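The values are calculated or read from the model by the stated rules, or taken from the named source; none is laboratory data. Just so it is clear, the structure is predicted and the values come from calculations on it, not from any experiment. When we count neighbours, we look across all protein chains shown, and the Cβ atoms used for this are built from the backbone with ideal geometry, even at glycine. Side chains included, ligands, DNA and RNA excluded: accessible areas come from the protein's heavy atoms. Shrake-Rupley method; radii C 1.70, N 1.55, O 1.52, S 1.80 Å.
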Amino acid sequence: MSKKGKSSLGRALIRDRMHKGARPDSFRHTTELKDGYDWSTNMQSITEQNDLDEFLATAELAGADFTAEKLNIRVVTELKPTGVLSEAEKKAQNDLYQQHKDSIRVPRRPYWDARTTPEELAANERESFLAWRRELAELQETEGIHMTPYEKNLEFWRQLWRVVERSDIVVQIVDARNPNLFLCEDLFAYVRETSPHKKCLVLLNKADFLTESQRKSWSDYFKNRKDELKVVFFSALEEAAAKDDVEEVSESYRDDGLISGDFIRLSVEEYSSALWTKDQLVHLFRTWHTGTKYKAGSTTVGLCGYPNVGKSSTINAITQCKKVSVSSTPGKTKHFQTIILCEDLILCDCPGLVFPNFVSSKAEMVINGILSIDQLRDHVPPVSLVLSQIPRHILEETYGICIPHPPEGEDPDRPPTSAELLNAYSYNRGFMTSSGQPDNPRGARYILKDYVNGKLKYCIAPPGIDQDEYHKYPPPKRSTPSATIPVHVRMTKERVLGTEDIDHEFFKDQIVKVGFKGRHLVKSGLTASGASIVGDKKHHKGKKREKLRRLHQHKDA
Ligand SMILES: Nc1nc2c(ncn2[C@@H]2O[C@H](COP(=O)(O)OP(=O)(O)OP(=O)(O)O)[C@@H](O)[C@H]2O)c(=O)[nH]1
C-alpha cells in the first residue's frame, strides 16, 4: 500500500496507539495536513536553511548588525529544474544580463595604508564584504537574476586580493570549451583599479578540445571586443606531455632570457589562434610587463580562475615538474602558493574561486565542472542538459549502448530523456540497485564526469556564431536501429522490473530474466522456439548472439 495512502497501516496504528479515545482525525501526520503548505518541498529547504545558517554565521561576523543582516536574506532557488532553456528563455536571460552586467562585481578590498592597523583593516574588509553580498542578494531578489553560487567565504576573497596586489600580470584562466562562462570581466576592472600598470591576460586553457577553426572564432571574438582583452590559447595537458621535446629550448631561455629566430612567433598583441607553448608563455611573462614591479627585479604573475579550469596543471606544465596537486574535483587548491620559477619570474597560484556571474541554471555549473558531481542531489537537470547538446549517436557510440527511440506519437527527432539514456547505460554497465532497478544516479555521475573531462566533448560558440555550425559532430558510424523491440525484464522471482530495449532481431518474442550470479548481472531468456539461453554480462555479447544464431538455425532447419 502506498505510503501516501490515506489508510496507511503505519499511520492508522500510530493514531490508534497515541490517541486512544480521541477523534480519529484529531492528530495527523504533517503530510496529511491540508494547510496549503507543501511539506515535502519544505524538506528540501532544510538544506537551504543550512546555507542560510552559513550565511548567518558570516553575518554574525559583522557583530552589531546581526538582525539587520537577517532581514536582507533570501535563498534563491533554481529557476528551471530541468536545466534546459528554450530559445526565448535564453534570449530573455541574455537581455536581463546585458541590463545588469555592470552590477555583478567582485568584492573590493577597502582602502588601507601604512596607518591602518590590522584590526581596522580586518573589520573594514568584513564590512565591505557584507555590503557586497547584500547588493548581490538584492539584485537576485528584485531582478530575479540567476547567478553562480559565487564564493561566500571572505577568506577566499582575501587570498585573491593579495594575489592581485602583488601581481604585475594577472592571468585569468578559463576553460576554452566555454570561455564566457568562466570569464570575470570585473576582475580585470578591479586589477586596473589597483594599478593601471598591471597587465591582464585571459588564458584559454584546455584548448586541445578546440579545433583550429574554433580557436579562430574565439580569437576573432576577443579581437572585436571593445575592452580589447588579450588572450592566448593553451593546453596544459599537451604541454605537460611534451615536456621532454622542448627541454633544450627551455634551457636556452633560462640561461639568458633571449630567444632568437622563429621560436617566439607569437605576440599577445596579435590575437593569434595558435596554441602557445609553455616556453612562449614564460617568455611573455618575463618580457611583457616593463614598468615598476611589485618585487624589484622580478615579474610576479598571478593565476586566477574558477575551480577546475586547470590553474595547477598550467603551473605544472610551466614549471615542468609536479609542484602543485592536480585533481578533477573542483576546489582542490585552498591557499595561494608562490612558486619562484627563475630569478626574474614568480608565479602565484590563487585558490579556485567561483566569481559572481550570470548563469542559466545550476545544471550548467555541474556540467562545466564548477559544482562537484559527487555532491549532486538531482542528476536529472544536468543529464538533460548534456542530452540537449550531445547527439544520440555520439552517446551510443561512446558507450556502446542503444538508447530507446521516442515512442510512437512523439517527435522522432527529440533528444533522449535522461531516464532513457541512464536506463540503457546503467543496464549495460550492470549498475543495479539492491531492488534490481538500474542505478541511474550512479550512471549519471559517470556520464557527467565524462562530460567534464571531455570524453563527451561539447564546445560553446562565441556570441553571434551559429552553435550548430561551430560544433559539428561526425555522422553516425553505423546505422542505428530503426526500431527497437521492447522486452520484458524480470527478476528470477518473476517480478517485472521494467522494459529494456534491445536492437537485435533474435530477441524478438522472448522473455528475458535478469538475476545476479556472484557480482555479475546475468540475463537468461526463452526464445520463441522454447530453447533456453543464458548470458553472463561478463562474457562476450558476441558469444551469446552466436549461440542464439545457432539455435535459430537449428529451429529453421
Ligand atoms: N584536456 C585537458 N584537461 C586539462 C587541461 N588542464 C587541466 N586539465 C584537467 O582539468 C582538471 C582540473 O585541473 P587542475 O589543474 O587541478 O585545476 P585547478 O584550476 O588547479 O583546480 P582547483 O585546484 O580546484 O582550483 C584535471 O582533471 C586536469 O587533468 C588541459 O589543458 N586539457
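Please go through region 461-478 and pick out each residue that is open to solvent by 80 Å² or more (accessible area, probe 1.4 Å) and part of a helix (DSSP H, G or I).
Passing the criteria: Asp468, Glu469.
Under 20 Å from the mean Cα position of the chain (by Cα) and open to solvent by less than 30 Å² (accessible area, probe 1.4 Å): does that describe Val380?
Answer is no for this residue.
Within the bounds of region 339-362, is there any residue that is modelled with pLDDT of 90 or more, more than 15 Å from the ligand (Cβ to nearest atom), under 25 Å from Trp132 (Cα atoms) and not aliphatic (A, V, I, L, M)?
Scanning region 339-362 turns up at least one residue that is modelled with pLDDT of 90 or more, more than 15 Å from the ligand (Cβ to nearest atom), under 25 Å from Trp132 (Cα atoms) and not aliphatic (A, V, I, L, M).
Output the qualifying pairs, or none if there are none: Cβ atoms under 7 angstrom, residues six or more apart or on different chains, first residue in region 167-188 and under 18 Å from Gln98 (Cβ atoms), second residue open to solvent by 10 Å² or more (accessible area, probe 1.4 Å) and within 14 Å of the ligand (Cβ to nearest atom).
Matching pairs, first to second residue: Leu181/Asn368.
Only one of (1) open to solvent by less than 20 Å² (accessible area, probe 1.4 Å); (2) within 16 Å of the ligand (Cβ to nearest atom) is not met by Leu229, so which one is it?
All conditions are met except number (2).
Name the residues in region 290-306 that are open to solvent by less than 10 Å² (accessible area, probe 1.4 Å) and either within 12 Å of the ligand (Cβ to nearest atom) or not in a strand (DSSP E or B) (or both), would you?
The answer is Leu303, Cys304, Gly305, Tyr306.
Looking at (1) without any contact (Cβ under 8 Å) to a residue 60 or more places away in the chain; (2) under 27 Å from Ser372 (Cβ atoms); (3) in a loop (DSSP other than H, G, I, E, B), which is the one condition that is false for Lys457?
The number of the failed condition is (1).
Would you mind listing the strands (runs of 3 or more DSSP E) fully within region 134-242 where at least 2 residues are under 15 Å from Arg105 (Cβ atoms)?
Passing ranges: none, list empty.
Taking only pairs six or more apart or across chains, which ones have beta-carbon atoms under 8 Å, a first residue in region 117-137 that is aromatic (Phe, Trp, Tyr), and a second residue that is open to solvent by 70 Å² or more (accessible area, probe 1.4 Å)?
Trp132/Arg105
Scan (1) crowded, with 18+ Cβ neighbours inside 10 Å; (2) in contact with a Ser or Thr (Cβ under 6 Å, 6 or more places away or on another chain) for the single condition Gln389 breaks and write down its number.
It fails just one condition, (2).
For region 84-126, which residues satisfy the criterion of being charged (D, E, K, R) and within 32 Å of the chain's Cα centre (by Cα)?
Of everything in region 84-126, those that are charged (D, E, K, R) and within 32 Å of the chain's Cα centre (by Cα) turn out to be Glu87, Glu89, Lys90, Lys91, Asp95, Lys101, Asp102, Arg105, Arg108, Arg109, Glu125, Arg126.
Thr142 - would you say it is modelled with pLDDT of 90 or more, outside the structural domain of Glu193 (by TED's automatic domain parsing), more than 23 Å from Arg192 (Cβ to Cβ) and surrounded by fewer than 21 Cβ atoms within 10 Å (Cβ to Cβ)?
Taking the combined requirement at face value, the residue does not satisfy it.
Among the residues in region 190-202, are any at negative phi, in contact with a Gly (Cβ under 8 Å, 6 or more places away or on another chain), within 15 Å of the ligand (Cβ to nearest atom) and not assigned by TED's automatic domain parsing to the domain that holds Ala461?
no
For residues that are more than 7 Å from the ligand (Cβ to nearest atom) and assigned to a loop (DSSP other than H, G, I, E, B), scanning just region 307-323, find the one that is modelled with the lowest pLDDT.
Only one residue fits best here, namely Lys322.
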